[in-house]
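J.: Could you have a look at this structure, given as structure tokens, before my questions?
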Amino acid sequence: MDPSESKAKSKLILREKLNFNEKKINKIDLFVNNVLAYNQKYNLISFNTEKEIWGRHVLDSAQLVKYIDSDQFKSLSDLGTGAGFPGIILSIFFSDIITFHVKLYEKSSVKIDFLKEQIQRLELNNVSLYDNDYQSHKLSSDYFVFRAFKKLQEILRISRETIIGPHKLIVMMGKSAQDEINKASKGLIYKYKLVNSITSSNSKILLVDVKK
């Protein structure tokens with residue numbers, strides 16, 4: 001798909017299906033331009049996905065708002081946020097809810113510098129950035145999102161051993177999602193749901209409700 005066509009289609013979905021208003025879409029537009037500009041010198045995202053950034057990165061991240069209840073729950077953590085997908089996109093969406101807080105964890109110094117700049121430029125007052133490995137922190141949030149982070153088995157270990165208190169996991173997965181779940185969840189009693197991604201027929205989103 002042509003980049004301009006992908007951008008227009010993605011914006012339409014953001015607006016009509018995911019409830020992003022024009023102010024938030026404009027912030028995303030600015031953020032995307034900053035990612036692409038920064039990517040000319042530093043590897044924030046794969047160069048092969050630059051032309052597909054609106055569908056491959058923005059919309060893929062934005063769809064997660066459907067699974068986050070900001071009325072009942074008040075915090076979200078993105079482990080290994082990278083260039084800010086999905087963390088920055090989600091923080092833009094929830095930016096007008098002063099009681100909802102987003103925590104970004106990233107260990108790459110290059111990406112940390114980029115994220116610090118974006119948080120200031122986009123005036124995201126609902127975001128905290130942790131510039132160290134997630135294992136150096138006490139992890140506590142209502143939601144934890146994972147996109148291109150680690151294998152599911154490791155994510156479940158982090159959930160079990162590192163995250164404090166009850167929480168919900170949102171894990172973005174590929175076409176072998178069910179096989180991975182079957183292998184990783186043996187012996188676990190967590191309730192989970194596997195839903196389709198809106199960006200690819202091969203992609204799935206795993207929703208896990210962890211009671212502790």
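The values are calculated or read from the model by the stated rules, or taken from the named source; none is laboratory data. Bear in mind that the values here come from a model prediction, so they are computed numbers and not experimental data. With ideal geometry, Cβ positions are generated from the backbone for all residues, glycine too; neighbour counts draw on all protein chains shown. What goes into the accessible areas is simple: the full protein's heavy atoms, side chains included, and nothing from ligands, DNA or RNA. Shrake-Rupley method; radii C 1.70, N 1.55, O 1.52, S 1.80 Å.
J.: What percentage of all Cα-Cα pairs in segment 101-212 are separated by more than 18 Å?
T.: Of all Cα-Cα distances in segment 101-212, 55 percent exceed 18 Å.
J.: Compute the Rg/Rh shape ratio of segment 20-84: radius of gyration over Kirkwood radius, all on alpha-carbon atoms. Before the final figure, lay out the partial values.
T.: Working: Rg = 13.4 Å, Rh = 13.3 Å.
Rg/Rh for segment 20-84 comes to 1.00.
J.: How large are Rg and Dmax for segment 1-142 when calculated on the C-alpha trace, in angstrom?
T.: Looking at segment 1-142, its Cα Rg and Dmax stand at 14.5, 43 Å.
J.: Which Rg and Dmax, in Å, describe the Cα atoms of segment 141-195?
T.: Radius of gyration, then largest Cα-Cα span, for segment 141-195: 10.8, 30 Å.
J.: Another question, if that's okay. Give the accessible surface of the chain per residue, rounded to a whole number of Å², with probe radius 1.4 Å and ligands, DNA and RNA excluded.
T.: With the other protein chains kept in place, the chain gives 52 Å² per residue.
J.: With the cut-off at 19 Å, tell me which of the pairs 66/151; 74/103; 111/151 have Cα atoms farther apart than that. Could the numbers behind the result be given before it?
T.: On the way: 66/151 23 Å; 74/103 11 Å; 111/151 22 Å.
Those over the limit are 66/151; 111/151.
J.: Sticking with this structure for a sec: Mind putting a number on the dipole of segment 45-162 about its Cα centre? Charges go on the C-beta only, +1 for Lys and Arg and -1 for Asp and Glu, and I need it in Debye to the nearest 20.
T.: On the way: 15 positive and 16 negative charges, 67 e Å.
The calculation lands at about 320 debye.
J.: Same structure again: Please report the relative contact order for the chain, taking Cα pairs under 8 Å with a sequence separation of at least 6, and give it as a percent rounded to a whole number.
T.: Normalised by residue count, the contact order of the chain is 17 percent.
J.: Order the peptides 166-173, 198-205 from the highest to the lowest mean number of other Cβ atoms within 10 Å of their residues.
T.: 166-173, 198-205
J.: How far, in degrees from 0 to 90, does helix 3-16 lean away from the longest principal axis of the Cα atoms of the chain, to the nearest 10?
T.: It is inclined by approximately 60 degrees.
J.: Springs between alpha-carbon pairs under 10 angstrom, Gaussian network model over the chain: which of 92, 158, 28 fluctuates most?
T.: 158
J.: Specify which residue in the list 67, 57, 43 is farthest towards the positive end of the charge dipole of segment 12-76, using unit charges on the beta carbon of Lys, Arg (+1) and Asp, Glu (-1), about the Cα centre.
T.: Checking the options against the dipole of segment 12-76, the answer is 43.
J.: Give me the angle, in degrees from 0 to 90, between the Cα long axis of helix 22-38 and the longest principal axis of the Cα atoms of the chain, rounded to the nearest 10.
T.: 90 degrees
J.: To the nearest 20 debye, what is the magnitude of the charge dipole of the chain about its Cα centre, counting +1 on the Cβ of each Lys and Arg and -1 on the Cβ of each Asp and Glu?
T.: Numbers: 33 positive and 24 negative charges, 115 e Å.
Computed about the Cα centre, the dipole is about 560 debye.
J.: Using the charge dipole of the chain (Lys, Arg: +1 at Cβ; Asp, Glu: -1 at Cβ; taken about the Cα centre), state which of 77, 177, 21 has its Cα farthest towards the positive end.
T.: 177
J.: Now for a separate question. Give me the dipole magnitude in Debye, nearest 20, for segment 1-114 about the Cα centre, with unit charges on the beta carbon: positive for Lys and Arg, negative for Asp and Glu.
T.: Working: 16 positive and 14 negative charges, 12 e Å.
About 60 debye.
J.: Taking only C-alpha pairs under 8 Å that are 6+ residues apart, what is the relative contact order of segment 41-144 in percent?
T.: Numbers: 134 pairs, mean separation 30.1, N = 104.
The value is 29 percent.
J.: Below 15 Å, Cα to Cα, which aspartates and glutamates can residue 24 reach? Residues fewer than 8 away in the same chain don't count.
T.: Reachable aspartates and glutamates: 16, 96, 123.
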